[in-house]
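Values quoted throughout were computed directly from the atomic coordinates according to the rules given, and no laboratory measurement underlies them. Just so it is clear, the model here is predicted, and its values are computed rather than measured. When we count neighbours, we look across all protein chains shown, and the Cβ atoms used for this are built from the backbone with ideal geometry, even at glycine.
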Amino acid sequence: NFRQQSLASFFSGA
Amino acid sequence: MLEGKFEEASLLKKVVESIKDSVQLCNFVCSEHGITVQAVDDSRVLLVSLLIGNEVFSDYRCDRNITLGVDLKSFAKIIRCGGNDDYLTLIAEDSPDSVTLVFEDKNSDRISEYSLKLMEIDNEFLKIDDMDYDSVIKMPSIDFQKICRDLSTLSESLQILITKDSIKFMAEGETGNGSVILKPRTDIDKPEQSITVKLNNAVNSTFGLKYIADIVKGTSLSNQIVIKISNRTPALFEYKLQSGYLRFYLAPKFED
């Protein structure tokens, strides 16, 4: 099972 | 004041059609260098970054920075009113509450003028540093579109595996599985058909096909797509313009 990551984990402010 | 004239309205039409399903409200930031847009989709998974360089325009002037807060759905409706081959000029005052679009038919004296009301859009600009990616692939954009559309019939996720001599796209679903393997190739007569792989590290990344379905709407902008991927970080999908680019940053899926 895959879980969708958010950009917020990678780009500050996203 | 902004005055930017496109030789053909089709370019801005394609750009708007490419991003309007990913993001609805966005600021078109106009400067002497051209027009930029950066916006994140509502689910915070996909980021759109656009640069229409001033060299794309046949005439361009923008004395000071002007921000056009645009509802893309409304913008798309107006922009469809012009012919693909028409000249299209965007005009805005320094602190505009609307932007004017002037379409000029090259074969007649017809001039159509529309204005779009602008909005105050509060969105933060993210600074995205250039990074080294594990792999960079370049391939025909239309092939990437077809592969993604085909595999989306099977699964919600697309797995991309890259080694130095192959690119493998995979989808696993309840009804069945599918995979497409491509090998690097150089086509001297038709360079746009070439497939290149630059590899620092082998890649195995998974992405939501629902987002990729929006990304491939940029296909008409460029013969080739550049995909930059690192394991466990957002991938960059890029369609190059004659001057500038349309980029999508897509957060990956991780296995639980």
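A few remarks follow.
- Seen from every direction in turn and averaged, the convex hull around the alpha carbons of segment B:81-131 projects onto 6.1 nm².
- Reference-scaled alpha-carbon Rg (2.2 N^0.38 Å with N residues) for the protein assembly as shown: 1.06
- The mean number of Cβ atoms from other chains found within 10 Å of a Cβ in peptide B:33-41 is 1, as a whole number.
- Three-way shape call for segment B:216-256 based on the alpha-carbon gyration tensor, with the a/c threshold at 1.5: prolate
- Counted as membrane-span-like here are DSSP H helices of chain B whose alpha-carbon atoms extend 20 Å or more along the helix's own axis and whose Kyte-Doolittle mean is 0.0 or above; there are none.
- Residues B:Phe169, B:Phe207, sorted so that the one with the fewest Cβ neighbours within 10 Å comes first: B:Phe169, B:Phe207
- Size estimate for segment B:1-79 follows the Kirkwood approach: the inverse of mean 1/r over distinct Cα pairs works out to 13.0 Å.
- Those aspartates and glutamates that a straight Cα-Cα span of less than 19 Å connects to B:Lys190, excepting residues fewer than 8 apart in one chain: B:Asp143
- Each listed q (0.15, 0.17 Å⁻¹) maps to a log10 I(q)/I(0) for chain B, found by the Debye formula over equal Cα scatterers with no solvent: -1.07, -1.27.
- Each peptide in A:2-10, B:236-244 was scored by the mean count of other Cβ atoms within 10 Å over its residues; highest first, the order is B:236-244, A:2-10.
- Packing-based order for B:56-62, B:190-196, B:9-15, using average beta carbon neighbours within 10 Å, highest first: B:9-15, B:56-62, B:190-196
- Stokes-Einstein, applied to the Kirkwood radius of segment B:8-135 over Cα pairs at a viscosity of 1.567 mPa s and 4 °C, places its translational diffusion at 83 µm² s⁻¹.
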